[in-house]
Amino acid sequence: KDIKPTREEQINFQKKFMAKENIINKETLENWLKLHQITESDLNQNIYKTLKLEIFKKTKFNDYVEKVFLKRKSDFDRVTYSLIRAANREKIVELNLRLKEEEATFSELSSEFSEGIENVLNGLIGPIELGQVNPIIAERLKSSNPGQLWPPFELENWWVLLRLERFMPATLNEAMRNRLINEMYESWILDKIKKTLDNLNSNLPK
């Protein structure tokens with residue numbers, strides 16, 4: 001409630017909102033208002049409140065972004081990798097030999113022989129953040145060079161062939177900074193709500 005955005009901040013934030021919602025003139029504004037069933041005055045109030053919240057989040061959490069990013073960077077790094085899964089070890093061993101002898105490509109073998117959903121994608125998965133990948137696969141990918149084929153290994157009742165195709169290190173750009181600030185805010189506000197509810201519950205008559 002103590003945050004007072006400047007006129008310039010309000011104008012710039014409103015311009016960004018209009019561009020994001022593709023509001024380019026009075027007609028498109030009226031159509032947008034009708035679609036969302038609010039008045040122009042309500043919209044302006046919502047934009048103003050959202051701007052105040054954005055300023056609050058950056059003021060409170062911006063100084064922690066670099067530390068959080070460095071701690072979690074390996075989870076944000078993105079990879080593209082190829083995968084073949086089969087329940088039978090002998091099948092995977094044979095496919096591994098065919099790959100090494102270049103009898104067929106990874107995508108050809110995956111689409112024909114892989115027993116997981118990746119066969120629809122010709123075995124190619126990603127780009128995807130390492131934090132969203134199975135931890136055992138992620139650890140192998142972190143220590144791989146592009147094009148490196150891992151020997152067959154067992155994972156969750158599957159036998160697996162794995163090859164890193166591309167590694168894309170995460171960078172602390174504006175989008176990543178905003179993402180981390182929003183994550184810290186969400187965690188902070190949920191903690192506040194939990195403590196408030198716990199306090200209310202503790203004061204209820206037994």
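The values are calculated or read from the model by the stated rules, or taken from the named source; none is laboratory data. A quick note: this is a predicted structure, and the numbers were derived from the prediction, not measured. Cβ placement follows ideal geometry from the backbone for every residue including glycine, while neighbour counts extend to all protein chains displayed. The protein model used for the area step is the full one, side chains on, heavy atoms only, and it has no ligands, DNA or RNA in it. Shrake-Rupley method; radii C 1.70, N 1.55, O 1.52, S 1.80 Å.
List of remarks:
- Subset of segment 100-116 (residues that are closer than 21 Å to residue 155 by Cβ, within 32 Å of the chain's Cα centre (by Cα) and not polar (S, T, N, Q)): 106, 109, 112, 113, 115, 116
- Qualifying positions in segment 82-117 - open to solvent by 60 Å² or more (accessible area, probe 1.4 Å), of a type outside the set (Asp, Glu) and either on the phi > 0 side of the Ramachandran plot or in a loop (DSSP other than H, G, I, E, B) (or both): 87, 88, 105
- Residues being open to solvent by 90 Å² or more (accessible area, probe 1.4 Å) and more than 23 Å from residue 5 (Cα to Cα) - total across segment 15-30: 5
- For first residues located in segment 157-175 and closer than 14 Å to residue 74 by Cβ, partners that are open to solvent by 60 Å² or more (accessible area, probe 1.4 Å) and part of a strand (DSSP E or B) and lie 6+ apart or on another chain with Cβ distances below 6 Å form the pairs 168/78.
Matching residues to (1) open to solvent by 80 Å² or more (accessible area, probe 1.4 Å); (2) in contact with a strand residue (DSSP E or B) (Cβ under 7 Å, 6 or more places away or on another chain); (3) charged (D, E, K, R); (4) under 12 Å from residue 83 (Cβ atoms):
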residue: 119; (1), (2), (3), (4): no, no, no, yes
residue: 124; (1), (2), (3), (4): yes, yes, no, yes
residue: 128; (1), (2), (3), (4): no, yes, no, yes
residue: 131; (1), (2), (3), (4): no, no, no, no
residue: 140; (1), (2), (3), (4): no, yes, yes, yes
residue: 143; (1), (2), (3), (4): no, no, no, no
residue: 158; (1), (2), (3), (4): no, yes, no, yes
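- Which listed residue is at negative phi and in contact (Cβ under 8 Å) with a residue 60 or more places away in the chain, from 152, 127, 146, 135: 152
- Scanning segment 70-117 for residues that are in contact with a Pro (Cβ under 9 Å, 6 or more places away or on another chain) and among the aromatic types (Phe, Trp, Tyr) yields a count of 1.
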